[in-house]
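K.L.:
The structure's right below; bear with me while I get my questions together.
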Amino acid sequence: MNRYHFVGIKGTGMSPLAQILNDMNNEVRGSDVDKAFFTEEALNRKGIEILPFDPENITEGQIVVQGNAFTDDHPEVVRARELGLTIYKYYEFLGELADHYTSVAITGSHGKTSTTGLLAHVMRGIEPTSFLIGDGTGEGVEDSKNFVFEACEYKRHFLYYRPDYAIMTNIDFDHSDYFSGLDDVIDAFQEMAKQVKKGIIACGDDENLQHIQANVPIVYYGFGAHNDFRAENVNSTDNGTTFDVYLRDDFYGTFRIPGYGNHSVLNALAVIATCDYENLPKELVKDRLETFNGVKRRFSESTLGSQVLVDDYAHHPREISATVEAARKKYVGREVVAIFQPHTYTRLKSFMDDFAAALAEADAVYLCDIFGSAREQEGTVTIEDLQSRIEGANVLKRGGTQVLQAHDNAVLLFMGAGDIQTYQREYEKHVQLEA
């Protein structure tokens, strides 16, 4: 048993990693800011102690895991160095952990978390599988053969991983505070591809992935005829989406998933292809796909009177479009209302027109003030800059969410990577007080 201390334990990767080590009978605790995050629910449930930041938290004999958002001059990290403790960056530790298993890294500009959650759900129902999902969910399973984990491209952190398999969902320009442009992102994924040891499962509908080179076989999935695993006859039903899968020219099977939208079908294809590569029984894979309940903050639904409220992490134009599409396919004929909070000034500035076009796909648009980040608290753009590009868009202020009641029988999409949930909770509280 080791003693671990996590600096920034509420992080979306740190929280599940702490849970995994706790499940493996290690002593785990950590520190973070006092603000509540959805990632701490599982930590509390597993009895993992969360402390306020304080150098006194660091004691002899600990192994310290340092969150990506925290620099080497953080007081707890400084104290750990003074005591001569072993210190890992989050991505360093995750890379070493993955080496002990048949590992599957799920990466891509969009869809990582949902695909990781889906693959973990399917594989753990068939073989002992530990997993780390970027929605704050993690589990260390005794006698695990497999380890399924989310691998983020930001700052090229995924280059610390050498997985057996990699699922690559897409390549797009994001994280404009780090990457210089699309070519820079492509270079990072190309370098990652060279580190995979057994096989890559890549979306062949993504033009940027079609040119990836690797030292291992690449299996492509998608809707296009050139893909190895191909989806056809996609139909939305009252209880999900059905589709036929072809392996090259041969019929492979008919599958059903509870989700909606083309992105959900693509995620399922990635999982089907990965499981086929590992020779997992097709019928068991099919059964597990049908019982997936989703991951946190990815089209998470609740009802409020006649309205459907959806909490979603979408913070890039392509993700917004996918969320709107899913809402339209599941709730045919109902008004779709986008309530969006931009995450970082840099991202909004880089994709201003793309955000406007994606949000305009909804029937009504409400915009919340920009959510900064630990790296970036202010910028040169405002929420009004985005509002001016979307006809009829409104700015939604805290204390004024009751205006959303005007959209009777609508689907309200609360989207963003910041604290958009606080707007949803305020609105729910207002409606409940009126009832």
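K.L.:
For the chain, which whole percent of the accessible surface, found with a 1.4 angstrom probe, sits on carbon and sulfur atoms? Present the calculation step by step, with values, prior to reporting the outcome.
P.N.:
Working: 8290 of 18120 Å².
Reported share for carbon and sulfur atoms: 46 percent.
K.L.:
P(r) tail for the chain, what percent of Cα pairs lie past 30 Å?
P.N.:
Here the long-distance tail beyond 30 Å is 45 percent of all Cα pairs in the chain.
K.L.:
Same structure again: I need the Debye-formula profile for the range 114-220: one equal scatterer per C-alpha, no solvent, reported as log10 I(q)/I(0) at q = 0.16 1/Å, two decimals.
P.N.:
-0.75
K.L.:
Shifting gears a bit: Sort R124, R347, R298 by heavy-atom solvent-accessible area, probe 1.4 angstrom, most to least.
P.N.:
On the way: R124 110, R347 15, R298 45 Å².
Result of the area sort, largest leading: R124, R298, R347.
K.L.:
Probe radius 1.4 Å, ligands and nucleic acids left out: which of D73, D174, D54, D363 has the largest accessible area, and how do the rest follow? Mind showing how you got there, number by number?
P.N.:
Working: D73 115, D174 5, D54 65, D363 85 Å².
Descending accessible area places them as D73, D363, D54, D174.
K.L.:
Next question, about the same structure. Of the listed pairs K10/K286; K112/K329; K46/K89; K10/K282; K46/K145, which have alpha-carbon separations greater than 32 Å here? Walk me through the numbers before you get to the answer.
P.N.:
Details: K10/K286 34 Å; K112/K329 22 Å; K46/K89 23 Å; K10/K282 37 Å; K46/K145 23 Å.
Correct reply: K10/K286; K10/K282.
K.L.:
Which value in Å does the Kirkwood hydrodynamic radius of the range 56-153 take, with 1/r averaged over all unlike C-alpha pairs and then inverted? If you can, show how the numbers build up before the last one.
P.N.:
Values: mean 1/r = 0.0673 Å⁻¹.
Final number for the Kirkwood radius of the range 56-153 is 14.9 Å.
K.L.:
OK, next. Measuring with a 1.4 Å probe in the full set of protein chains, what accessible area per residue, in whole Å², belongs to the range 1-61?
P.N.:
47
K.L.:
So how long is each side of the range 101-290 along the principal axes, counting just the alpha-carbon atoms, biggest first, in Å?
P.N.:
Here the Cα extents, ordered largest to smallest, are 42, 41, 31 Å.
K.L.:
Tell me which residues come under 5 Å, amide H to amide H, from G253 once H is placed; ignore anything under 5 positions away on its chain.
P.N.:
V245
K.L.:
Per residue and in Å³, how big is the convex hull formed by the alpha-carbon atoms of the range 332-396?
P.N.:
Per-residue hull volume (Cα only) is 83 Å³.
K.L.:
I need the phi-derived Karplus couplings for the range 386-402: 6.51 cos²θ - 1.76 cosθ + 1.60, θ = phi - 60°, integer Hz, Gly and Pro marked x.
P.N.:
Residue by residue, the range 386-402 yields 6, 4, 5, 9, 10, 4, x, 5, 10, 8, 9, 9, 4, x, x, 5, 4 Hz.
K.L.:
Short version: ³J(HN,Hα) in whole Hz for each residue of the range 184-201, in order, from phi by Karplus 6.51 cos²θ - 1.76 cosθ + 1.60 (θ = phi - 60°), x for Gly and Pro, what are they?
P.N.:
Karplus-based 3J(HN,Hα) across the range 184-201 equals 5, 5, 4, 4, 5, 5, 4, 5, 4, 4, 5, 8, 6, 9, 10, x, 10, 10 Hz.
K.L.:
Counting pairwise Cα distances across the range 300-434, what percent come out greater than 20 angstrom?
P.N.:
Roughly 39 percent, once rounded to a whole number.
K.L.:
One quarter of the convex hull surface, Cα atoms only: what value does that give for the range 176-269 in nm²? Present the calculation step by step, with values, prior to reporting the outcome.
P.N.:
On the way: hull surface 29.7 nm².
So the Cα hull casts an average projection of 7.4 nm².
K.L.:
Report the per residue volume, in Å³, of the convex hull enclosing the C-alpha atoms of the range 3-90.
P.N.:
Numbers: hull volume 7.1 nm³, N = 88.
Here the figure is 81 Å³ per residue.
K.L.:
Here's something else I'd like to know. For the range 106-122, in order, what is each residue's ³J(HN,Hα) by Karplus, 6.51 cos²θ - 1.76 cosθ + 1.60 with θ = phi - 60°, in whole Hz (x at glycine and Pro)?
P.N.:
Couplings: 9, 9, x, 5, 9, x, 4, 5, 4, 5, 4, x, 5, 5, 4, 4, 5 Hz.
The values are calculated or read from the model by the stated rules, or taken from the named source; none is laboratory data. What you see is a predicted model; the values in this text were computed from it and never measured. Just so you know, the surface numbers come from the protein's heavy atoms only, side chains and all, with ligands and any DNA or RNA stripped out. Shrake-Rupley method; radii C 1.70, N 1.55, O 1.52, S 1.80 Å.
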